[in-house]
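Visitor: Following this message is one structure expressed as structure tokens.
Each reported figure results from applying straightforward, stated rules to the coordinates on display, with no laboratory input. Please read all numbers here as calculations on a predicted model, not as lab measurements. Heads up, the Cβs are rebuilt from the backbone with ideal geometry, glycines too, and the neighbour counts pull from every protein chain shown.
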Amino acid sequence: MDITPKAPIQTQVDTDLARRFPPRFLWGAATASYQIEGAVHEDGRGSSIWDDFSATPGKVFEGHTGEVAADHYHRVEEDTDLMVRLGLSAYRFSIAWPRIVPEGRGAINPAGLDFYDRLVDTLLEKGIQPFATLYHWDLPSPLERAGGWLNRETAYAFADYTEIVARRLGDRVASWITLNEPWCSAYLGYGIGVHAPGRTDRQGAIDAAHHLLLGHGLAVPRLRAQVPAGTPVGITLIVNPVYGADERAETARDVKLAHAFSNAWFLDPIYRGSYPEGFFEAMALNPPPIQEGDLEIISAPLDFLGVNNYSRTLIRGAQEQPLADSCQAVAPIPNACYTDMGWEIYPHGLRDLLVNVARDYPVGNIYVTENGAAFPDTWDGGETINDPRRVSYLRSYLTACAEALEQGVPLRGYFVWSLMDNFEWAEGYAKRFGIVYVDYSTQRRIIKESGYWYAELLNAFNNNN
Ligand SMILES: CO[C@H](O)c1c[n+]2c([nH]1)[C@H](O)[C@@H](O)[C@H](O)[C@H]2CO
């Protein structure tokens, strides 16, 4: 049965592309609590570091905050109906720790659990698999006041929070993701301060990263104890393919450093039980405060790796020995295309990283848990928004996924970022990633051309299987 809405514009139906994906491949869209929910003062929700950061003048574009965002908190029915219209088989969302345990530790807020209970039940009623991320950056403010991820205790608080959520939702959530991109939390939040909590201490980034990883490792067994046997548990990491711009030895050296900084910093402890050799020296920093047994905890076996990828890094080596986080990325690249974030569009990078990660690490299954593009979409009041560049971006990156599958990569699903336009962190609402447009003045949702294209692709896939 063809359930897709008739697109008001003719979108080329990529039936050939759809045919390249195996039966039971999951097709989803992803969001995150602080970016879409709004309702930050409702039903007992506590404050998060992103409430504090966005309220701090100069931190977020034009002082934008997540106070209202896309008002998803009040629009679950409407937004899950949108997911049905798009033909999604899964939906990746994140749970706001401050809604569940407003102080970070201690008292539980029943209304917070009730909200996600309703969301999960609604998704299941509409035939959509819930993929829950436990932490997508909205740390409860009281924990930050106690040191945040610089404080080892936060890792234990995260494990306690995880158990509370899993006890309530564990019987219905299809798959669990502990952390979203701890690299961002650690480096952007504690190292260079462009994300919450806005600290600028590179050693702090190393220490925070360790405690985020420790929280992940502590949370895994607590999750597994509360969910049905076999429920997949994983983590989502940025994985950024790094290439050399030339054949010089210093370029090869710097590519290796940049890979350690971008990827192995987290992949190695999780999947190899140790940090990459020489990494802390290459950062000219001290190792984090590792305690006996930490790496065993951190490398708890997982069922899948969630990969977030949007672009690549191209490196031109510097003569002198650089720090790992100062390797000379090359930009702009002649004849390259860029999204509105200034990220190069390079779909081969996704194929290459999927092949390399599956080869180099025992990741089990892989999901692309985020991939998408920001472009300066505008709405003229019409039935849709023409965003041909996003259609082209998605077609090219999904082709890369198909190529990776054909090379044997155990890719089990793809989540487009994002279901709808939302609060893009320090960029506020200035950057639009959605396949659905949000008119923030009215909260009206308008499916973009890319949304109709994605729905047609999923429908073609369903018709093949
Ligand atoms: C550099 O790309 C990162 O992998 C990345 C990109 N993104 C992310 N991580 C985050 O997980 C999302 O919350 C962002 O909204 C999204 C778009 O910026």
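Visitor: Averaged over all directions, how much area does the convex hull of the C-alpha atoms of region 293-394 cover when projected, in nm²?
Guide: The number I arrive at for region 293-394 is 10.7 nm².
Visitor: If you average the sequence gap of Cα pairs under 8 Å that are 6 or more apart and divide by the length of region 123-265, what percent do you get for the contact order?
Guide: Details: 201 pairs, mean separation 37.0, N = 143.
Relative contact order comes out at 26 percent.
Visitor: Follow-up question, since we're still on this one. How many percent of all Cα-Cα pairs in region 34-109 sit more than 19 Å apart? Intermediate results must be reported in sequence, preceding the final value.
Guide: Working: 1281 of 2850 pairs.
So the pairs more than 19 Å apart make up 45 percent of the total in region 34-109.
Visitor: Something else: Give the long-range amide H neighbours of Tyr338: residues separated by 5 or more places, or on another chain, with amide H under 5 Å away, using H modelled in the peptide plane at 1.01 Å from N.
Guide: Result for Tyr338 returns Ile345.
Visitor: Could you give the spread of the C-alpha atoms of region 414-465 along their three principal axes, from largest to smallest, in whole angstroms?
Guide: Rounded to whole Å, the extents work out to 41, 22, 12 Å.
Visitor: Please work out whether region 311-458 counts as rounded, prolate or oblate from its C-alpha gyration tensor, where a ≥ b ≥ c are the square roots of the eigenvalues and a/c under 1.5 means rounded, while otherwise a/b larger than b/c means prolate and anything else oblate? Walk me through the numbers on the way to the answer.
Guide: Working: a/c = 2.19, a/b = 1.37, b/c = 1.60.
The shape class here is oblate.
Visitor: Evaluated at 25 °C with a viscosity of 0.890 mPa s, what Stokes-Einstein diffusion coefficient in µm²/s does the chain have when Rh comes from the Kirkwood expression over alpha-carbon pairs?
Guide: Working: Rh = 22.3 Å.
Taking Rh from Cα pairs, D becomes 110 µm²/s.
Visitor: Let me ask you something else. When every alpha-carbon pair in region 65-128 is counted, what percent end up more than 17 Å apart? Can you show the working numbers first?
Guide: On the way: 956 of 2016 pairs.
Tail fraction, whole percent: 47.
Visitor: Note down the magnitude of the dipole of the chain about its Cα centre, charges +1 on Lys and Arg C-beta and -1 on Asp and Glu C-beta and zero elsewhere, to the nearest 20 debye. Could you put the intermediate results ahead of the total?
Guide: Values: 39 positive and 59 negative charges, 149 e Å.
Dipole magnitude for the chain comes out near 720 debye.
Visitor: Out of every Cα pair in region 133-255, what percent are spaced more than 17 Å from each other?
Guide: Details: 4468 of 7503 pairs.
Here the long-distance tail beyond 17 Å is 60 percent of all Cα pairs in region 133-255.
Visitor: Follow-up question, since we're still on this one. If I model a spin label as a point 7 Å beyond the Cα along the Cα-Cβ vector, how far apart are those points for Arg316 and Val84 in nm?
Guide: 5.4
Visitor: Something else now. If one computes the Cα centroid of region 209-274 and of region 331-347, what distance in Å separates the two points?
Guide: Here the two parts' Cα centres lie 25 Å apart.
Visitor: For the chain, what proportion of DSSP beta bridges, expressed in % and rounded to the nearest 5, is antiparallel? All intermediate terms of the calculation are to be shown ahead of the outcome.
Guide: Working: 7 of 45 bridges.
Bridges in the chain are about 15 percent antiparallel.
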